[in-house]
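Let me begin by presenting the structure, written as structure tokens, before commenting on it.
The values are calculated or read from the model by the stated rules, or taken from the named source; none is laboratory data. Given the structure is predicted, the values throughout are model-derived calculations rather than measurements. Reconstructed Cβ throughout: ideal geometry from the backbone, glycine too, with neighbour counts over all protein chains shown. With ligands, DNA and RNA removed, areas are computed over all heavy atoms of the protein, side chains included. Shrake-Rupley method; radii C 1.70, N 1.55, O 1.52, S 1.80 Å.
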Amino acid sequence: MKLPPGISDSVFNSAVREFERAVGKDWVYTSAADLDLYRDAYSPFKGEEEERLASAAVAPSSVEEVQAVVRIANQYKIPIYPISTGKNLGYGGSAPNLSGSVVLDLKRMNRVLEVDEANASCLVEPGVSYFDLYRHLQANGSRLWIDTPDPGWGSLIGNALDRGGGYTAAKYRNHFDAHCGMEVVLANGEVLRTGMGALPGARTWQQYKSGFGPWIDGLFSQSNFGVVTKMGFWLMPQPDGYLAGRVEVFQYEDLIPLVDIMTNLENNGIYTGMPMLDVPLINPGLLPGESLRAPPPAEVQTLLGKPGGPAPAELEAYCKQHDVGLWGCKFQYYGPEDIVRAQWAYTMKRLSVIAGARFSEPEFYNLPLTPEQVDKVHKVTFGIPNLEMFFIGARSPTNPNPTRGHIWFSPIIPRNGREVFKAQRVFSEASRQLGLPVFPLAMATTYWERAFIFIFGFPITDDIELNRRNRAAFRELVRIGAENGWGEYRTAPAYQDAIMATYSFNNHALLRFHETVKDAIDPNGIIAPGRYGIWPKHLRGNKA
Ligand SMILES: Cc1cc2nc3c(=O)[nH]c(=O)nc-3n(C[C@H](O)[C@H](O)[C@H](O)COP(=O)(O)OP(=O)(O)OC[C@H]3O[C@@H](n4cnc5c(N)ncnc54)[C@H](O)[C@@H]3O)c2cc1C
């Protein structure tokens, strides 16, 4: 077992006894078998000394027990690492930044505290998963939808605090933006409520986000400034219908007007669902990652494998010969049938300025879906949690040698076609040099309204040497991204220091501000030391 740095066996054991008194002996875990469950299954350090490991885990069942744990941690100077459901695979799992930390596992706090049907909101505890909330709404005949990330087993709070995203209407897809009010246990054990929650007896905690004075909610996301024990979210009223229509365009440069029109239509509220760009010549798959289900045709593979990538004219010639689009986009609409059909008609009109643009017959569903329809659709688009996305790691005819997992490399790129071309060029050239798989036509994803994210799953294997090389390659891509003005939106602990270091404007003024706040509100540095590059004073310089 790894103890926290500077903590002796006897101090650690005394703290564990105190944790047991606070939450009950059954809810403090110290055995190797129990602690194995808190390892990051996708750790890039597996089998190496640097793997981040917990020394113990404590699972409180109430806010009072969280307060007690925090106070004990302060008394003994034991670092604690809060998790909600701890399913942050691809971004660190439930393992702490600092080895030896005690995981504060909030899974047992799993009550849906309130659902306001008329105002379309809820208030939940950290252990409430997307599956839990979905079942709760279904069981109570609610007509509210949730917005879920691909894996539905994670929590609303953990996902939102790590600033994750989903797939329904833009207003709900950005999970931190869709929250309204939170309750936080601070490092000194005090409970704080944000927004209207600070007003005793407030009637609008889940309706008005900012309350009065500085709006501090953001301080508790991607940080280590407190333990969030409740959070409100805005939910999506079930729409009457859903329509999806597709466009394909055939010239290389068509991506530029396609993206501009797509963005303008979104900013005008013409479509409300997530637009999905794709590359039909590789695979007319409509879902992010779906192209992984089947390899591109052999001729396309040859084109993609050319040193420096295929020339635009070659791609255009292939598309013409095979009557397949070079770029495509699926537009999605939620609302009454006559309205969504009119919105699709307007979308086609706007896109018709692109010569040769070809539109599909739209797909329309009245909502709610029938069980047979649910089986066929991309479930997360309809707010239905599931675990289907794990197909991307599974053994299959196209993936005969699966890796152990992946870490997402996910830089934010401006939303325009020229920048996509540039990112495709820069990252495929860098990948070629670094010996990584090269995808010259990798496509940007559109989770957020105003910017693209490029998402690459970086393989994690059981080969220590390969993992080392991949870690170095990941850092190099981070550096190259930053050099081009593209920063990561989120990352695993292994890379948080490196990425925070790229946000360096004015001699790292942002990180210095974070450190000032950390020192003021958590002087013993007990909450998640190192999370997102924020180290307490006594551990600064400990950077990975
Ligand atoms: C195949 C695959 C697909 C994925 N698709 C998506 C996707 O579509 N969208 C997406 O967003 N992610 C995706 N992920 C990443 C990840 O699985 C999800 O984001 C998952 O929901 C996060 O786990 P969680 O909700 O259990 O969060 P947790 O692991 O509980 O929390 C994440 C982190 O937030 C902090 N934290 C959590 N709770 C608290 C608290 N109460 N107080 C203070 N700090 C806290 C901790 O630092 C913690 O490590 C995907 C992963 C894989 C492997």
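Of the strands (runs of 3 or more DSSP E) lying entirely inside region 333-436, those carrying at least 2 residues that are closer than 30 Å to Ala498 by Cβ, touching a residue at least 60 places away in the same chain (Cβ under 8 Å) and within 16 Å of the ligand (Cβ to nearest atom) are 405-409. Checking region 143-150 against the condition returns a match, with at least one residue being near the ligand (Cβ under 9 Å from one of its atoms), in a loop (DSSP other than H, G, I, E, B) and not charged (D, E, K, R). Somewhere in region 100-111, is a residue touching a residue at least 12 places away in the same chain (Cβ under 8 Å), of a type in the set (Val, Ile, Thr) and under 20 Å from Phe176 (Cα atoms)? Scanning region 100-111, I find no residue that is touching a residue at least 12 places away in the same chain (Cβ under 8 Å), of a type in the set (Val, Ile, Thr) and under 20 Å from Phe176 (Cα atoms), so the answer is no.
Residues are listed down the side, and each one gets a yes or a no for (1) within 27 Å of Pro414 (Cβ to Cβ); (2) touching a Lys or Arg at 6+ places or on another chain (Cβ under 7 Å); (3) open to solvent by 20 Å² or more (accessible area, probe 1.4 Å); (4) in contact (Cβ under 8 Å) with a residue 24 or more places away in the chain:
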site: Arg450; (1), (2), (3), (4): yes, yes, yes, yes
site: Gly457; (1), (2), (3), (4): yes, no, yes, yes
site: Ile460; (1), (2), (3), (4): no, yes, no, yes
site: Leu466; (1), (2), (3), (4): no, no, yes, no
site: Glu476; (1), (2), (3), (4): yes, no, yes, yes
site: Ile480; (1), (2), (3), (4): yes, no, yes, yes
site: Glu488; (1), (2), (3), (4): yes, no, no, yes
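Listed by position, the strands (runs of 3 or more DSSP E) enclosed by region 222-279 that each have at least 3 residues that are aliphatic (A, V, I, L, M) and open to solvent by less than 10 Å² (accessible area, probe 1.4 Å) are 227-234, 241-249.
Any idea which residue in region 454-468 is modelled with the lowest pLDDT, counting only those that are in contact with a helix residue (DSSP H, G or I) (Cβ under 8 Å, 6 or more places away or on another chain) and not in a strand (DSSP E or B)? Applying the filter and picking the extreme gives Thr461.
Among all positions in region 76-96, there is at least one residue which is open to solvent by 10 Å² or more (accessible area, probe 1.4 Å), among the hydrophobic types (A, V, I, L, M, F, W, C) and part of a loop (DSSP other than H, G, I, E, B).
In region 154-176, the count of residues that are of a type in the set (Lys, Arg), out of contact with any Phe, Trp or Tyr (no Cβ under 9 Å at 6 or more places or on another chain) and away from the ligand (no atom under 12 Å from the Cβ) is zero. Among the residues of region 167-176, the ones that are over 10 Å from Asp217 (Cα atoms) and assigned to a loop (DSSP other than H, G, I, E, B) come to 4 in all.
Considering Val191, Val184, the condition of being more than 30 Å from Ile455 (Cα to Cα), in contact with a strand residue (DSSP E or B) (Cβ under 6 Å, 6 or more places away or on another chain) and near the ligand (Cβ under 10 Å from one of its atoms) is satisfied by Val184 alone.
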